[in-house]
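Notes to accompany the following structure.
Laboratory data are not the source of any read-out in this text; all were calculated from the coordinates shown. Just so it is clear, the structure is predicted and the values come from calculations on it, not from any experiment. Cβ: placed from backbone, ideal geometry, glycine included. Neighbour counts: every protein chain shown.
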Amino acid sequence: MAANGEVIDCDIEIEIDELSELTVDAVTETLATMLAPKGSTLYVSDQDRRIDFGAHEGLALYLNGADLPEDVYRDCDSNHVYTECGRLLEGLGIVSSHWQGPRETALYMYGWDVQAMQERLTPFLQEYPLCQQCRVIQIA
């Protein structure tokens, strides 16, 4: 966790009773279908071996929750941003989760092409008042 409470990375331990190439493949395939981002690795401790997997690219949209005019926060809704990003990314990616910090709200999106995802989102981000001063960062 970062100092602000945002998740930096995740480590998942899986115990397998009978280790084989078949079970290793099943684990990586299952995690890949669960939006495993590029850069994910499976460490097989019994074999001291790392296996790279994960094909999804990630994008984080950070909405400024502190510095915009009060009427923007009164008249706009982060749930609308979440829904609209999901609609705009249809067929290309999804909004996977979110995080709300003390000064920002982050939406985490995953898909096959982060540049294409950003291009689809840009017009909306430029026009919706709550997206003023937002940050868009590639995370995977």
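Per q in 0.09, 0.13 Å⁻¹, report the Debye log10 I(q)/I(0) for the chain, using one uniform scatterer on each alpha carbon and no solvent. For the chain at q = 0.09, 0.13 Å⁻¹, log10 I(q)/I(0) is -0.35, -0.65. To the nearest ten degrees, helix 78-88 and the longest principal axis of the Cα atoms of the chain are 60 degrees apart. If I fit a long axis through the Cα atoms of helix 114-127 and take the longest principal axis of the Cα atoms of the chain, what angle between them do I get, 0 to 90°, rounded to 10? On a 0 to 90 degree scale, this one is about 20.
Placing unit charges on the Cβ atoms of the charged side chains and taking the dipole of the chain about its Cα centre, the candidate lying farthest along the positive direction among L42, T23, V81 is V81. In degrees from 0 to 90, rounded to the nearest 10, what is the angle of the helix 21-33 Cα long axis to the longest principal axis of the chain? Relative to the chain, helix 21-33 is tipped by roughly 10 degrees.
Of the peptides 103-114, 68-79, 7-18, 120-131, the order by per-residue mean of other Cβ atoms within 10 Å, starting with the highest, comes out as 103-114, 120-131, 68-79, 7-18. Placing unit charges on the Cβ atoms only, positive for Lys and Arg and negative for Asp and Glu, gives the chain a dipole magnitude near 540 debye about its Cα centre. Mean residue ellipticity at 222 nm, helices only, the chain: -9500 deg cm²/dmol; runs of at least 4 DSSP H residues each add -39,500 (n - 2.57), and the sum is divided by the number of residues.
When each of the peptides 19-25, 29-35 is scored by the mean number of other C-beta atoms lying within 10 Å of its residues, the order from highest to lowest reads 29-35, 19-25.
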